[in-house]
Amino acid sequence: MCWLRRDLRLGDLPALGEAIGDGNREVLVCFVLDPRLESSSGERRLAFLYDSLRELDAKLDGKLLVVRGRPDEEIPRLVDAVGAGSVHVSEDFSPFGRRRDDAVVTALEESGATWQPVGSPYLVSPGRVTKSDGTPYKVFTPFFRAWRDHGWRAPAKTEAPSNILNPSDIHPSGRIRIPAAPTTLDLPAGEDAALERWRTFVDDDLSGYESDRDRPDLDVSSRMSAYLKFGNIHPRTMAADLGRSQSAQAYLRELAFRDFYADVLYNWPKSLWHNWNDQFDDIALDTGKSAEKHFDAWREGRTGFPLVDAGMRQLSETGFMHNRVRMIAASFLVKDLHLPWWWGAKWFLDQLTDGDMASNQHGWQWAAGTGTDAAPYFRVFNPETQAKKFDPDGDYIRRWIPEFDTDDYPEPIVDHKAEREEALRRFGEL
Ligand SMILES: Cc1cc2nc3c(=O)[nH]c(=O)nc-3n(C[C@H](O)[C@H](O)[C@H](O)COP(=O)(O)OP(=O)(O)OC[C@H]3O[C@@H](n4cnc5c(N)ncnc54)[C@H](O)[C@@H]3O)c2cc1C
């Protein structure tokens, strides 16, 4: 049996390759819709998931078995129903995934089926790269060097198996129809779309990536994040195309950030919703009615700080925000509005199609100054200077704020200079 989770593709999928083996046995390919994840994923992520499943089902000639329930009940039930000897999965290193899989392994004990995890959604699986004394890295740059030295395998050559078990032959399979997407997406989901997007990026924009990646007005970043999040493509497939150019290496460094944050979460699972650096636990934060008013203005893109507002509107209209703008919008929430970073992180997770616990929570902790290797607390982004530098002609701002040059655009809700001083004062109190 091959149980798909964050690996919704057929190519470069070692778990599928091992399930097929020498091709002499039938394979059940299945996905379990877990109500716990359905209720905590934003609409866009659900739409992306359902569309990815629909594409996979079509590629498997309608033989992808989708069931709904708790995996520790559904997987043993399916193992019994088909008499499976082994369950093949890509390993999940997230705190939720590890708890879920531990429960499945326990529930499988009586079935006689073996649990066969192989590979992960990362170039180098969390926990593999450590300092010489075996402890995890807390700083990105040395992690990056050790990560590159560790290396990774070439892409696995896998494709749709010819001997898939047909779910209609399984009684009772518990099969459900893949739900309709609850909303529309600004980019198509699925393995074919991921490969096409990747090829277009490599042909058109990779060479300028190093110089232009911080420019939200130019639209030149790869937009691979949601495909990576759902495993429509493995980063190994991407790394194999990169080559040695400066821009290619700059891109690889970003993929390393993704692995770094997964590694941090693996080693410090509490950092999901708590300050990684607990020295910040006592910093004074605003709460109450006026804090909530500020939070609403931030969410709705009405702060009067154009680059922040443009980013927040891009997010709510499309489910995406450029990386540089994510950093500025996050910094503004924490350092200009003095709000808890987890308020912002939760809103991002609700809206983002690429919303990912490791990258999002640690991206937020970086901006808040509370994470590993974080921006020092006293370094406060100035949204106006940032706009001049990274959106020099104001094209990005005008794209998302049509009323920018009119009286309808709000005045700044705070005085940046004064709030910067206030942030430093609170920091000094620690
Ligand atoms: C506050 C904040 C929240 C974030 N939340 C998420 C999130 O929920 N999901 C997510 O995938 N990324 C998140 N990021 C990282 C980054 O903003 C996005 O990965 C990037 O904007 C996606 O666009 P892209 O694919 O065009 O990026 P590209 O610039 O083309 O980068 C290529 C790939 O590298 C990875 N990557 C790039 N930058 C980072 C980074 N800083 N951290 C981790 N991985 C990175 C992504 O997988 C990305 O697809 C967040 C960053 C910040 C500052």
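Restricting Val104, Val129, Val89 to residues that are of a type in the set (Val, Ile, Thr), in the same structural domain as Tyr227 (by the TED database), touching a helix residue (DSSP H, G or I) at 6+ places or on another chain (Cβ under 8 Å) and on the phi < 0 side of the Ramachandran plot narrows the list to Val129.
As for the range 332-343, it holds no residue that is within 24 Å of Ser222 (Cβ to Cβ), crowded, with 21+ Cβ neighbours inside 10 Å and touching a residue at least 24 places away in the same chain (Cβ under 8 Å). Pairing residues of the range 362-391 that are in contact (Cβ under 8 Å) with a residue 60 or more places away in the chain and outside any helix (DSSP H, G or I) with residues that are within 11 Å of the ligand (Cβ to nearest atom) and among the hydrophobic types (A, V, I, L, M, F, W, C), at Cβ distances under 6 Å and at least 6 apart in sequence or on separate chains, gives Gly369/Ala375; Thr372/Val264; Asp373/Phe140; Ala374/Trp366. Looking only at the range 147-164, count how many residues are of a type in the set (A, V, I, L, M, F, W, C) and in contact with a helix residue (DSSP H, G or I) (Cβ under 7 Å, 6 or more places away or on another chain). The number of residues fulfilling the criteria is 4. Any residue that is near the ligand (Cβ under 9 Å from one of its atoms) and within 15 Å of the chain's Cα centre (by Cα) - is there at least one of those in the range 245-255? Looking through the range 245-255, at least one residue is near the ligand (Cβ under 9 Å from one of its atoms) and within 15 Å of the chain's Cα centre (by Cα). Would you say Gly23 is modelled with pLDDT under 95 and part of a loop (DSSP other than H, G, I, E, B)? Against the criterion (modelled with pLDDT under 95 and part of a loop (DSSP other than H, G, I, E, B)), Gly23 qualifies. Scanning the range 79-111 for residues that are more than 14 Å from Met1 (Cβ to Cβ) and polar (S, T, N, Q) yields Ser94, Thr106. What's the number of the only condition in (1) within 11 Å of the ligand (Cβ to nearest atom); (2) polar (S, T, N, Q); (3) surrounded by fewer than 16 Cβ atoms within 10 Å (Cβ to Cβ) that Ser221 fails to meet? For Ser221, the failing item is (3). Residue by residue through the range 351-361, note down the ones that are over 17 Å from Ile328 (Cβ atoms) and either touching an Asp or Glu at 6+ places or on another chain (Cβ under 6 Å) or more than 6 Å from the ligand (Cβ to nearest atom) (or both). Result: Thr353, Met357, Ala358, Gln361. Taking the range 194-206 as the range and being surrounded by 16 or more Cβ atoms within 10 Å (Cβ to Cβ), over 27 Å from Pro71 (Cβ atoms) and more than 9 Å from the ligand (Cβ to nearest atom) as the test, the residues that pass are Leu195, Arg197, Trp198, Val202, Leu206. Checking the stated criteria, Val105 turns out to be more than 26 Å from Asp192 (Cα to Cα) and hydrophobic (A, V, I, L, M, F, W, C). Close Cβ contacts (under 9 Å, 6 or more residues apart or on different chains) running from residues in the range 235-262 that are within 20 Å of Thr141 (Cα to Cα) and among the polar types (S, T, N, Q) to residues that are near the ligand (Cβ under 8 Å from one of its atoms) and not in a helix (DSSP H, G or I) comprise Ser247/Arg213.
As for the range 272-279, it holds at least one residue that is more than 16 Å from the ligand (Cβ to nearest atom), in a loop (DSSP other than H, G, I, E, B) and either within 24 Å of Gly355 (Cβ to Cβ) or touching a strand residue (DSSP E or B) at 6+ places or on another chain (Cβ under 6 Å) (or both). The numbered conditions (1) part of a helix (DSSP H, G or I); (2) free of Cβ contacts under 8 Å to residues at least 60 places away in the same chain are all true for Leu49 except (2). Filtering the range 13-23 to residues that are in contact (Cβ under 8 Å) with a residue 40 or more places away in the chain and of a type outside the set (Gly, Ala, Ser) leaves Leu13, Pro14, Leu16, Glu18, Ile20.
Taking Ala146 as the residue in question, decide whether it is outside any loop (DSSP other than H, G, I, E, B) and among the small types (Gly, Ala, Ser). Step through it out loud before you land on a result.
Details: outside any loop (DSSP other than H, G, I, E, B): yes; among the small types (Gly, Ala, Ser): yes.
Against the criterion (outside any loop (DSSP other than H, G, I, E, B) and among the small types (Gly, Ala, Ser)), Ala146 qualifies.
Candidates are the residues of the range 98-117 that are closer than 20 Å to Glu18 by Cβ and among the small types (Gly, Ala, Ser); the one that is surrounded by the most Cβ atoms within 10 Å (Cβ to Cβ) is Ala113.
Screening Asp214, Asp186 for residues that are within 10 Å of the ligand (Cβ to nearest atom) and surrounded by fewer than 19 Cβ atoms within 10 Å (Cβ to Cβ) leaves exactly one candidate, Asp214. State whether the residues of the range 168-176 include one that is more than 25 Å from Pro121 (Cβ to Cβ), among the small types (Gly, Ala, Ser) and crowded, with 17+ Cβ neighbours inside 10 Å. Taking every residue of the range 168-176 in turn, at least one turns out to be more than 25 Å from Pro121 (Cβ to Cβ), among the small types (Gly, Ala, Ser) and crowded, with 17+ Cβ neighbours inside 10 Å. Residue-level check: of (1) in a helix (DSSP H, G or I); (2) within 29 Å of Ala194 (Cα to Cα), Phe320 misses just (1).
The values are calculated or read from the model by the stated rules, or taken from the named source; none is laboratory data. Just so it is clear, the structure is predicted and the values come from calculations on it, not from any experiment. Glycine also receives a Cβ, built like all others from the backbone with ideal geometry; neighbour counts cover every protein chain displayed.
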